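Some notes on the structure that comes next.
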Protein chains: 2
Amino acid sequence: MDDLRRAFDPEVFRSTGHVFVDQLADYLAAALRGTTPVLPAISPGEIVRVWGSEFPEQATGGLQSLLQRVIESSNHLHHPRYIGHQVTAPLPMAALCDLAAALLNNGMAVFDMGPAATAMERSVVGWMARQLGFGPAADGVLTSGGSVGNLTALLAARQAKAGFDVWSEGAHAGPPLAVLASDQTHYCVQRAVQIMGWGAGGVVVVPSDAGYRMRTNALGDAFRRAQHAGRSVIGVVASAGSTATGAFDPLESIADFCRDNDLWLHVDGAHGASLVLSERHRGLLRGIERADSVVWDAHKMLLMPALVTGVLFRDGARSYQAFAQEATYLFAGEEPQERWFDIGARTLECTKKMLSFKIYAALQVYGTRLFGDYLARTIDLAQRFAARLREAPDFEIAVEPQCNILCFRHVPPGVADLDALQLQVRQRLLETEGFYLVQTRLRGKQFLRTTLINPFTSDADLEALMHEIRRLAASA
Amino acid sequence: MDDLRRAFDPEVFRSTGHVFVDQLADYLAAALRGTTPVLPAISPGEIVRVWGSEFPEQATGGLQSLLQRVIESSNHLHHPRYIGHQVTAPLPMAALCDLAAALLNNGMAVFDMGPAATAMERSVVGWMARQLGFGPAADGVLTSGGSVGNLTALLAARQAKAGFDVWSEGAHAGPPLAVLASDQTHYCVQRAVQIMGWGAGGVVVVPSDAGYRMRTNALGDAFRRAQHAGRSVIGVVASAGSTATGAFDPLESIADFCRDNDLWLHVDGAHGASLVLSERHRGLLRGIERADSVVWDAHKMLLMPALVTGVLFRDGARSYQAFAQEATYLFAGEEPQERWFDIGARTLECTKKMLSFKIYAALQVYGTRLFGDYLARTIDLAQRFAARLREAPDFEIAVEPQCNILCFRHVPPGVADLDALQLQVRQRLLETEGFYLVQTRLRGKQFLRTTLINPFTSDADLEALMHEIRRLAASA
């Protein structure tokens, strides 16, 4: 009991907390200045060996040094030369909100388990829905990430459009289902479909154009192919933007196609839905207000720590159809919509984290314009970088970037295997610890891929990247 | 840009962080002392109105007062008279680890995006597997909650036991599937099954005995009923313990049944798997080492902030079969097991939070015995409370508690509608703000339900609860 008392002692929490904050502030300062490695070069086998898996029976202490080790052995997303996957350098204040959320641990399945959390979630979801251009009937939830979010939206789509009660009767009560989606769709859509038991054929692929956008004039053909394969098509999944190149599918014409064929339109806006906040860029999302459901990750372009994703429904009633079910120890058995405040009835999670606080706080304290400015800044940077790469004779870009994702490759003269060169250069870049970027294959060619998601990456950083790539390629 | 610079300023983070820590330490002290309400009495409509949903365009500040409002309008799980749902009063140090996890935001889909996070997850998962009695072939992942965890395990079960490749070919390539589970199973199992498209009949219910444990001698009958309904049974889901009453299904005889019928044994140990850490109580879990998969929530009896759940597989290779898929921008296309360190291939999440740090830190810094002591303490308390209720002529318990969940009701003489009385008393208890407990229906009767999960709830608190219930009932 004494050990438990000590572990919960508020004064120990206070003093440890101050130390943690100082250690993390020091990390933040160093990373933003760029005086740390971006990603320490260490192999999986090595680090797993070092960290071990035996734990002592008795208290040993050592929390400060453990935190130091965790910081040192992490990928430093606040470093301006972190230009890798679409995971953001979060607002430090949002991390503090997560501290409060963690300590309060209000689980939110039912209203009682998180009154403030529930109220803030309603606020944030309402705000998101309005930004998308949805009307007052819209509703939605926050959930633990885009994969869960896309699954949640597709469950609602299944229930709305299958033509039979799949939830109660099961898949065998009707024909196999399918959605149409472009070849650039995030893998979690395919996963969601296969989780639901539709098999690999549950996504019927629509080809993309030279800009990696869905070829909407191929939708009819895909629709017929699906029907020919015995599939009942329930909807179309559009990407806004796609993962590999950040391409925005043309939502207006997809919405037309859905209207004409009575299909659900789901927009995976995990990365790009945030662009509604930028006057200059929201045109890319024209038509999103006609979507039946939209997924929007706040841990991408809203500068939030992972995971926090909005699932928004134009017709809020749809939000109650994904999971409707009884659990007597939780929900009181009334009509689901009368219990709008028991959000667990509408999320895959039962207990959930207090996901709303950090978004609510950032919008309230910093105001909404910060986000529009941030978005525009990263996209402008990507477009200037694309121009710079296009000018250079020894670089090529995969496609003109529509947002802040850019794929390019180094093409110095006299190299036989350019694909191998990209992989080699990327590997060596990582070994220098000076940049973190990733790789992807596009139409059979190997590219380097960057997401310019850190607010402080500069033109000079990207100039240095080109220089470094040339140096490493030349010495290969 | 200046706004962004200010928002990321390490010195602003430092000073704001210190203020946050102080505010939260004050909350913690007041809640542990019991000088706050447990749950403030406020209606959903009221709080949603007060919090609003308009956000300013420009920065307004006010973070401290916002935090104060969030604290005041939350359920105070650290209050010793929080005796409600199975969500724990987390270790304050674990909340600090979540602060670091949030700021570092290492997303972990691939090793690069979280080297330390990946190493610590391997450590924690390995430790969990050994505690369950699994051998060296075991493996698993951490995921965002028990609902996602149970779904993940059942996807692996589906792939292993359906007799056809459901993942690739879809549900229609074989007969409808089913699992057997008791009538006390958590609703998320039914949900997982209906997500997978098995319909409501995808769970074939096995009745429970007087102690709310699965009647294992009814398994054969349920199996035949399922077959008669044209279902191919792939496994049994056992509860350890159940949500409503904390009952532990007899795992040994369920494991025998699974062995004899070539079925997958999944144990939903969200609440109870932690009991392996208590010498005196791990007998309730005898047989868990024979399970094919186990779900174990650390945000229940491991004192962690939500969500963090282990999904453990006795045969670690099964862990690769739930979601195996290609995504060229993430996974390099080798054999999945050669990329054991890219954990996103085995979780529903792509990007995931750094879930491992808080568990790793607690085990490392406090040692493992703290948890066994805590568990034993809560169970002993529940058993003493049950004895006290049994002795009292005006109380009855639903069933002798096996762990720290207890259902009881107040049965004063001369009350016609005892069910209504329980609901009324619970409502009034909540209005006093002095206790938080919940309600459940068991076999047609209304009960009050407590989870004694706060480490500091005392016999005196529970004596006071009885007194308060009598007072409120008498004045009803």
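Quick one: how many residues across segment A:427-442 are within 11 Å of chain B (Cβ to nearest Cβ), farther than 24 Å from A:Ala376 by Cβ and either in contact with a His (Cβ under 8 Å, 6 or more places away or on another chain) or not aliphatic (A, V, I, L, M) (or both)? First the steps, then the outcome.
If we filter segment A:427-442 for residues that are within 11 Å of chain B (Cβ to nearest Cβ), which is where we start, we get A:430, A:436-442.
This time we only want the ones that are farther than 24 Å from A:Ala376 by Cβ, so: A:430, A:439-442.
Of the ones still in play, those that are also either in contact with a His (Cβ under 8 Å, 6 or more places away or on another chain) or not aliphatic (A, V, I, L, M) (or both) are A:439-441.
Total meeting the criteria: 3.
Looking at segment B:367-411, which of the residues that are over 16 Å from B:Pro455 (Cβ atoms) and charged (D, E, K, R) is surrounded by the fewest Cβ atoms within 10 Å (Cβ to Cβ)?
Looking at residues that are over 16 Å from B:Pro455 (Cβ atoms) and charged (D, E, K, R), I get B:Glu391.
Condition (residue is part of a strand (DSSP E or B) and in contact (Cβ under 8 Å) with a residue 40 or more places away in the chain) applied to segment B:216-229: is it met by at least one residue? First the steps, then the outcome.
Initial filter on segment B:216-229 (part of a strand (DSSP E or B)): none.
No, segment B:216-229 has no match at all.
Residue under question is A:Ala181, and the condition is that it be over 16 Å from A:Gly310 (Cβ atoms), in the same structural domain as A:Val294 (by TED's automatic domain parsing) and buried (at least 24 other Cβ atoms within 10 Å of the Cβ); does it hold? Reasoning before the result, please.
Numbers: over 16 Å from A:Gly310 (Cβ atoms): yes; in the same structural domain as A:Val294 (by TED's automatic domain parsing): yes; buried (at least 24 other Cβ atoms within 10 Å of the Cβ): yes.
The answer is yes for A:Ala181.
Looking only at segment B:453-476, count every residue that is within 14 Å of chain A (Cβ to nearest Cβ) and either surrounded by fewer than 17 Cβ atoms within 10 Å (Cβ to Cβ) or among the hydrophobic types (A, V, I, L, M, F, W, C) (or both) and tell me the total.
4
Looking at this structure, is A:Ala25 in a loop (DSSP other than H, G, I, E, B) and among the small types (Gly, Ala, Ser)? Steps first, answer last, please.
Numbers: in a loop (DSSP other than H, G, I, E, B): no; among the small types (Gly, Ala, Ser): yes.
Criteria not met by A:Ala25.
Looking only at residues that are among the acidic types (Asp, Glu) and either in contact with a helix residue (DSSP H, G or I) (Cβ under 8 Å, 6 or more places away or on another chain) or facing chain B (nearest Cβ under 7 Å) (or both) in segment A:10-48, which one is farthest from A:His78 (Cα to Cα)? First the steps, then the outcome.
As a first pass, look at segment A:10-48 and keep what is among the acidic types (Asp, Glu): A:11, A:22, A:26, A:46.
Right, trim to either in contact with a helix residue (DSSP H, G or I) (Cβ under 8 Å, 6 or more places away or on another chain) or facing chain B (nearest Cβ under 7 Å) (or both) and you get A:11, A:22, A:26.
On the way: A:Glu11: 31, A:Asp22: 16, A:Asp26: 12 Å.
Among residues in segment A:10-48 that are among the acidic types (Asp, Glu) and either in contact with a helix residue (DSSP H, G or I) (Cβ under 8 Å, 6 or more places away or on another chain) or facing chain B (nearest Cβ under 7 Å) (or both), the one farthest from A:His78 (Cα to Cα) is A:Glu11.
Show the residue pairs meeting these rules: Cβ distance below 7 Å; 6+ apart or different chains; first residue within segment B:86-103 and more than 7 Å from chain A (Cβ to nearest Cβ); second residue part of a loop (DSSP other than H, G, I, E, B) and of a type in the set (D, E, K, R).
Listed pairs, sorted by first residue: B:Ala101/B:Lys353.
Looking at the structure I just gave you, is B:Leu307 closer than 30 Å to B:Leu99 by Cα, surrounded by 19 or more Cβ atoms within 10 Å (Cβ to Cβ) and in the same structural domain as B:Val237 (by TED's automatic domain parsing)?
On the way: closer than 30 Å to B:Leu99 by Cα: yes; surrounded by 19 or more Cβ atoms within 10 Å (Cβ to Cβ): yes; in the same structural domain as B:Val237 (by TED's automatic domain parsing): yes.
Yes, satisfied.
Given the conditions (1) free of Cβ contacts under 8 Å to residues at least 60 places away in the same chain; (2) within 16 Å of B:Gly126 (Cβ to Cβ), which single one is not true for B:Arg290?
The single condition B:Arg290 does not satisfy is (2).
When you scan segment A:34-124 for helices (runs of 4 or more DSSP H) that lie fully inside it, which ones turn up with 2 or more residues that are under 30 Å from B:Arg49 (Cβ atoms)?
Numbers: elements: A:44-51, A:63-72, A:92-104.
The helices (runs of 4 or more DSSP H) meeting that bar are A:92-104.
Could you identify the single residue in A:Thr368, A:Thr347 that is over 28 Å from B:Leu4 (Cβ atoms), of a type in the set (S, T, N, Q) and touching a residue at least 60 places away in the same chain (Cβ under 8 Å)? Working first, answer last.
On the way: A:Thr368 fails: over 28 Å from B:Leu4 (Cβ atoms).
Checking each option against the conditions leaves just A:Thr347.
Of the numbered conditions (1) at pLDDT below 95; (2) of a type in the set (Val, Ile, Thr); (3) assigned by TED's automatic domain parsing to the domain that holds B:Ile453, B:Thr328 fails exactly one; give the number of that condition.
(3)
Within segment A:124-131, does at least one residue satisfy the condition of being farther than 14 Å from A:Trp296 by Cβ and at pLDDT 95 or above?
No, segment A:124-131 contains no residue that is farther than 14 Å from A:Trp296 by Cβ and at pLDDT 95 or above.
Looking for something out of contact with any Phe, Trp or Tyr (no Cβ under 6 Å at 6 or more places or on another chain) and under 30 Å from A:Leu442 (Cβ atoms) - is there at least one such residue anywhere in segment A:155-167?
no
Would you point out which residue out of B:Val365, B:Val399 is facing another protein chain (nearest Cβ under 8 Å) and touching a Gly at 6+ places or on another chain (Cβ under 9 Å)? Spell out how you get there, then give the answer.
On the way: B:Val399 fails: facing another protein chain (nearest Cβ under 8 Å).
When all the criteria are applied, what remains is B:Val365.
Given the criteria closer than 27 Å to B:Gly372 by Cα and crowded, with 24+ Cβ neighbours inside 10 Å, does A:Val87 qualify? Spell out the reasoning first.
Working: closer than 27 Å to B:Gly372 by Cα: no; crowded, with 24+ Cβ neighbours inside 10 Å: yes.
For A:Val87, the condition - closer than 27 Å to B:Gly372 by Cα and crowded, with 24+ Cβ neighbours inside 10 Å - is not met.
Out of curiosity, is B:Ala386 in contact (Cβ under 8 Å) with a residue 60 or more places away in the chain, in contact with a Pro (Cβ under 6 Å, 6 or more places away or on another chain), in the same structural domain as B:Leu448 (by TED's automatic domain parsing) and part of a helix (DSSP H, G or I)? Talk me through it step by step, then tell me what you get.
On the way: in contact (Cβ under 8 Å) with a residue 60 or more places away in the chain: no; in contact with a Pro (Cβ under 6 Å, 6 or more places away or on another chain): yes; in the same structural domain as B:Leu448 (by TED's automatic domain parsing): yes; part of a helix (DSSP H, G or I): yes.
It is false that B:Ala386 is in contact (Cβ under 8 Å) with a residue 60 or more places away in the chain, in contact with a Pro (Cβ under 6 Å, 6 or more places away or on another chain), in the same structural domain as B:Leu448 (by TED's automatic domain parsing) and part of a helix (DSSP H, G or I).
Among the residues of segment B:219-236, are any out of contact with any strand residue (DSSP E or B) (no Cβ under 9 Å at 6 or more places or on another chain) and under 28 Å from B:Ala382 (Cβ atoms)? Before the answer, list the steps.
Looking only at segment B:219-236, we keep the residues that are out of contact with any strand residue (DSSP E or B) (no Cβ under 9 Å at 6 or more places or on another chain), and these are B:220, B:224, B:228, B:230.
This time we only want the ones that are under 28 Å from B:Ala382 (Cβ atoms), so: none.
No, segment B:219-236 contains no residue that is out of contact with any strand residue (DSSP E or B) (no Cβ under 9 Å at 6 or more places or on another chain) and under 28 Å from B:Ala382 (Cβ atoms).
Just to be sure, is A:Gly146 of a type in the set (Gly, Ala, Ser), buried (at least 24 other Cβ atoms within 10 Å of the Cβ) and touching a strand residue (DSSP E or B) at 6+ places or on another chain (Cβ under 8 Å)? Quick ask: steps written out before the conclusion?
Details: of a type in the set (Gly, Ala, Ser): yes; buried (at least 24 other Cβ atoms within 10 Å of the Cβ): yes; touching a strand residue (DSSP E or B) at 6+ places or on another chain (Cβ under 8 Å): yes.
Spelling it out, A:Gly146 is indeed of a type in the set (Gly, Ala, Ser), buried (at least 24 other Cβ atoms within 10 Å of the Cβ) and touching a strand residue (DSSP E or B) at 6+ places or on another chain (Cβ under 8 Å).
The values are calculated or read from the model by the stated rules, or taken from the named source; none is laboratory data. From a predicted model like this one, the values you see are computed outputs, not experimental measurements. As a convention, Cβ positions derive from the backbone with ideal geometry for all residues, glycine included, and neighbour counts pool all protein chains shown.
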